[in-house]
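The values are calculated or read from the model by the stated rules, or taken from the named source; none is laboratory data. This one's a predicted model, so the numbers in the text were calculated from it and none came from an experiment. Quick reminder, even Gly has a Cβ in these numbers, built from the backbone with ideal geometry, and neighbours come from all protein chains shown. The area values use the complete protein model at the heavy-atom level, side chains included, leaving out ligands, DNA and RNA. Shrake-Rupley method; radii C 1.70, N 1.55, O 1.52, S 1.80 Å.
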Amino acid sequence: MNAPVSEQHVRIILVEDDDGDALLVEELLIDTGLRYTLVRCTSLAAVRTEPAVHSADCILLDLHLPDASGIGAVASVQEIAPDSAIIVLTGLAESKAGGEAVAAGAQDYLVKGQVAPDLLHRAVRYAVHRKQAERTSADIQAGRLRAEENARLERGLLPQPMISASSIRATSRYLPGRERALLGGDFLDVVQTPDGQLHAIVGDVSGHGPDAAALGVCLRIAWRSLTLGGHRAEELLLLLERMLVAERTQSDLFATVTLACLDPAEARATLYLAGHHAPLLTTNGRTREVPARHGIALGIAPGYANWHASELLMPEHGALMIYTDGLVEGHEGQEPQRLGVEGLIRLMDRIPADDTDAHLDELITRVRELNANRHTDDLAILRLEWNGVGPRTSLLAEPQLEHRR
C-alpha cells in the first residue's frame, strides 16, 4: 500500500530549459516542506536518457522545450514515464494550454509567476495521489478484463454437456495450475448422439498460457462438431491431429487425449488413448485403472496414427473417471515420490462416494494438500456415472476388457 504523499519521499523530475525558471521552481520546492529529490532535464531528449525518469513520482514539465512543445510534449513524456504524474508549467497567457494539457492526460497545471510554496506543495501531492488512483483503477479494469477473458476461455474449455435423457450422469471439475493464471490447455466435453450413445473427450495441450488454452478450445470445439457429424474412432483422432497441426503456434505443441464412447443399451464402453492416462473404473466400492491400450499423443508424429480401441463391458453400476495428469503428478506429502495412479486410487477408495460432487471436491482438496498446494499444472476431471445399464449383469459381475485394433 502506498504511503500518504505528504509523508513519502517524492522523486521529482523538472523538465525546464530556462535557468531562471528552473531556479524559481527549485527555491519554491525548498519552501514546500516536501521530502523530495530533484533531477533537472533541459530537453525531451535528456528526459529519454535520464535513468531517474522511470522511477519518478512527479514530472514538472515546461510546455516550451527546444525539441518539443504543447500537447506533443505531454504525450511524449507520458510515453517515456507512463506511471509518473505530470504537472505542466505554463506562462501567464497560456491557461488554455494548461487545460488542454490536463485533458490530454496531465494531472494538473501551474502558471509560472503565480505559484506559492503551499500551492506547489498541494499540486504535487494531489497530482501524485491522482496518478496512483488512476493506476489502481487501470489495474482493477485490467483484472476485470482478464477475468472476463478467463470466463470466456473456461466456457470454451468446459462447455455445457449435450445430454438428454440418459442413465449416465456426467460431472466435471477444472482448476488452473496457478492462481489468477490464464487457463491452460486442459479441456473436456460430453455429447449424446441420437442413437443414445454418450461420447466424451478429455485432453491436455502441452504447455500453459494463452496459446495452449486457445488450442484446447479449438480441439474441443472441433471434437464436438466432428462427433455430432458422425466421425468416430481412429478417423476422428486423425482429424483432430490435423486440426492441431494446422492451428498450433509452435511446432512442438502436442495434445494427449482420451476418447470414450459409452453405449448404455449394450453396457459397453469403447476407449481410445492418445498419450493419455487410462481412466479409472469404480464399481462395488473399489477403484482400479482400466488396462486400455495406449497410442501416441496428437502432434508428436503427425500421420503415424497408432491408436487402438479398447472395449470395456460396463458393470451394472459404476463410474468411469477420466482425468489429466495434474491430478497425479504432485508429490505425496514431504516424500520425493509422486502421488501417481496407485496413490490416487487409494485416496478415491477412502473418500465416501455417495455424493459425486462432494467426492470430487474432497479428492481434489486432499491431492492438493498432499502436494502442499504446490500445483503448477492444470487439472481436469470428467466422471461418468451410471446406475443400471444394459439388459444384463449381476451386481457382483467383474468388468471385462476386450481389445480390438
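Descriptive notes on the structure:
- Packing order of peptides 290-303, 269-282, 20-33, highest average first: 269-282, 290-303, 20-33 (average count of other Cβ atoms within 10 Å over each peptide's residues).
- When you restrict to C-alpha pairs under 8 Å that are six or more residues apart and normalise by the size of segment 206-285, the relative contact order lands at 24 percent.
- Put the Cα centre of segment 273-328 next to the Cα centre of segment 10-83 and the gap is 65 Å.
- Values of log10 I(q)/I(0), in the order q = 0.14, 0.16, 0.20 Å⁻¹, for segment 15-78 under a Debye, Cα-only, solvent-free model: -0.40, -0.53, -0.81
- If you take all other residues with their beta carbon under 13 Å from the beta carbon of Asp118, and give Lys and Arg +1 and Asp and Glu -1, the sum is +1.
- Neighbourhood net charge (13 Å Cβ-Cβ; Lys/Arg +1, Asp/Glu -1) for Ala46: -3
- In order along segment 71-88, the Karplus-derived 3J(HN,Hα) couplings, from 6.51 cos²θ - 1.76 cosθ + 1.60 at θ = phi - 60°, round to 4, x, 5, 4, 4, 5, 5, 4, 5, 6, 10, x, 9, 9, 6, 10, 10, 8 Hz, and Gly and Pro are given as x.
- Descending principal axes extents, the chain, alpha-carbon based, whole Å: 98, 41, 39
- Nearest-20 debye value, the chain charge dipole, Cβ charges on Lys, Arg, Asp, Glu: 1140
- Cβ-defined net charge surrounding Glu329, 9 Å radius [Lys, Arg +1; Asp, Glu -1]: -1
- Computed on the chain, with alpha-carbon pairs under 8 angstrom and 6+ residues apart, the relative contact order is 13 percent.
- Between the listed residues Gln114, Ala212, Trp223, the Cα displaced farthest toward the positive end of the dipole of the chain, a dipole computed from Cβ unit charges relative to the Cα centre, is found at Trp223.
- Protein heavy-atom accessible surface, 1.4 Å probe, per residue over the chain: 47 Å².
- Each stretch of four or more DSSP H residues adds -39500 (n - 2.57); spread over every residue of the chain, this sum gives -11500 deg cm²/dmol at 222 nm.
- Here Lys112 sits with roughly 60 square angstrom of accessible surface, probe radius 1.4 Å.
- Overall form of segment 43-143 per C-alpha gyration tensor (a/c, 1.5; a/b vs b/c): oblate
- Counting only protein heavy atoms and a probe of 1.4 Å, the accessible surface of the chain is 51% carbon and sulfur.
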